[in-house]
1. Being under 18 Å from residue 204 (Cβ atoms) and at pLDDT 90 or above is the filter here; which residues of the range 290-300 pass it?
2. Applying the selection to the range 442-482, what residues are among the acidic types (Asp, Glu) and over 25 Å from residue 343 (Cβ atoms)?
3. If residue 288 satisfies every condition in (1) farther than 30 Å from residue 322 by Cβ; (2) in contact with a Ser or Thr (Cβ under 9 Å, 6 or more places away or on another chain) but one, which is the exception?
4. Cβ contacts < 8 Å: first residue among the aromatic types (Phe, Trp, Tyr), restricted to the range 426-454; second residue part of a helix (DSSP H, G or I) and modelled with pLDDT of 85 or more, any location; separation 6+ or different chain. Result?
5. For the range 349-366, does any single residue satisfy the condition of being within 20 Å of residue 504 (Cβ to Cβ), assigned to a helix (DSSP H, G or I) and touching a Leu at 6+ places or on another chain (Cβ under 9 Å)?
6. Among the residues of the range 208-220, is any touching a residue at least 40 places away in the same chain (Cβ under 8 Å), surrounded by 15 or more Cβ atoms within 10 Å (Cβ to Cβ) and under 23 Å from residue 136 (Cα atoms)?
7. Which pairs turn up if I take residues in the range 264-287 that are more than 17 Å from residue 126 (Cβ to Cβ) and look for partners that are among the hydroxyl-bearing types (Ser, Thr, Tyr) and modelled with pLDDT of 80 or more with beta carbon separation below 7 Å, at least 6 apart in sequence or on another chain?
8. Among the listed residues 374, 381, which satisfies the condition of being at pLDDT below 90, surrounded by 20 or more Cβ atoms within 10 Å (Cβ to Cβ) and not assigned by TED's automatic domain parsing to the domain that holds residue 232?
Amino acid sequence: MTENQRILLAGILSLLVIYGWQLVFPPHQEDAKTSVVSENVQAKTSGLKANQDPSLEESSFVVSRDAILQEGYIRHSRVTIDNDYLKGSVNLIGASIDDIVLKKYKDNSDHGNVNLLSPRHTKDSYFISFGWVSKDKNIELPGDKTLWSANTKGVGRDGVLTLKWQNREKIEFVISITFDNRYLASIRQGVVNHSDKAIDVVGYTVLNRGRYDGKSKNAISHEGVVGVVDKTLIEESPEKHLDYKGEIRWLGFSDKYWLVAVISDDLATAHVSRYTKRQLDRFQMDIMHRPSLIGPGDTQEGAYRLYIGAKELDCLEEYEKKYNIRLFDHAVDFGILYFITKPIFLLLTYFNRIAGNFGVAIILLTVFIKALLFPIAYKGFQSMNKLKDFGPEIANLRELYKDDNVALQKATMALYKKEKINPLSGCLPILLQMPIFFALYKVLYVTIEMRQAPFFGWIKDLSTPDPTTVFNIFGLINWQPPSFLMIGLLPLLMGITLLLQQAINPQPTDPIQAKVMKLMPIILTVMFASFPSGLVLYWTWSNILSIGQQLGIKFMSERKFLARHSR
């Protein structure tokens, strides 16, 4: 294989890598959450099993979220929750947290704030419920229709909501809920035995969630079961039944930007199940607490925490340190390039604090990376310029050995060795930038800090593609082109910088290779049009800096050449 063929093959492989990345990690429209769920607690501890929840058979209808909440307030069966980050309510019928709205985040339709938790029978039902199970069939236990009493009509930061219910045998069940000022709720779930016999009950917490079929899937961001079991991070799909035993430190459901998880040192088992009815998927996570025997007059209580909110890295890290929650920051899916992705994210947030704009932060990050790689880039540019100077000699060798590829390769390598030319050194800066490029793509895609982060002008969200297109003259014509024609202004600017960069580089001597290289800016412009605009901004600014570096190095090289020959 000749050198030209190898370079041509390298170019084709580069295109395949970029195109393949798009196929594996397609652009994905965010859903505020994925939802629905079965509500039959499959208790795996000590053979216990809760009663069948009738709502499974009633899932054929969907009720308005507002209508359900309004009815609850009219019936005085809801207690409000309100702190700086969350607002919502607790349902006293069934003792469930089924109404949580995130104050800091707007949904994509701009109709209001993100609804993270919603009651059963709503389109996006997603809620947390509490209960107990027992081997003793004669013990009356609270269920999903039980009306609990509350000590208050509303709680704010650090306010304690206490729910109580007592059965006919004078066994009292108590649930205490305390929210901090962000996303953490402290739960105390207890039983006070006022009866004259010992009872054996097990407390549980259930995460009920679901979604309608047809939600798009992607490989770049994990959405599903996440947690730490036996000191190991687990990330699994809820599409199959899952069982967990051992040391369950935390476990929950993760979406692209949101997390609902149970955190405790006292969890016995967990079971994830899927139930499908009328093309409606329901997912349920049953988390069982340690069983205990409660004697007459005794009290048993279990304490744990719930995380209900956005996957803000600083918040996750703060809770991780404060409560010793192992790998809690890994709820943000930084992927296998974690050692690159997280530092890039931290740099971006640092530059954002300085500039007050994530787009400017990306520009500053690009300058930082270019400065870091400048010594390597300098050598690469020098080698490329040398290669250009010896272009006529290489062309003579090709003509001389046009019928003998082996002799041509030997003669070319001898020339490179003699003149200290490394033909691959120009590729090294690009190869080093590829992991950074993919890591930045990951950061733009999975971190909530980048969600709906504006730049300037028409770029309102750096995590999504440029919304303009040349095919309707950037909005001047009232026509919405199909997605494959969405080639915005920022990708076009990137294409122009690629053309300028190509113009100052040494041109390939092989005519076929030269034609392929001329097509590269066009191909890359079309491909990058569907990438997040923050990534296109990075690549555009990187090209501009590369052009400046190349012109600067060329100018310094010419000055050195003139100084050397003027002596």
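The values are calculated or read from the model by the stated rules, or taken from the named source; none is laboratory data. All of these numbers come straight from a predicted model, not from anything done at the bench. Neighbour counts are summed over all protein chains in view; Cβ atoms, including those assigned to glycine, are modelled from backbone coordinates with ideal geometry.
1. Across the range 290-300, the qualifying residues are 294, 300.
2. Within the range 442-482, 466 is the sole residue that qualifies.
3. The failed condition is (1).
4. 437/535; 437/538; 437/539; 441/535
5. Yes: one or more hits.
6. no
7. From the range 264-287, the pairs are 264/304; 266/304; 269/244; 270/244.
8. Values: 374 fails: surrounded by 20 or more Cβ atoms within 10 Å (Cβ to Cβ).
The match here is 381.
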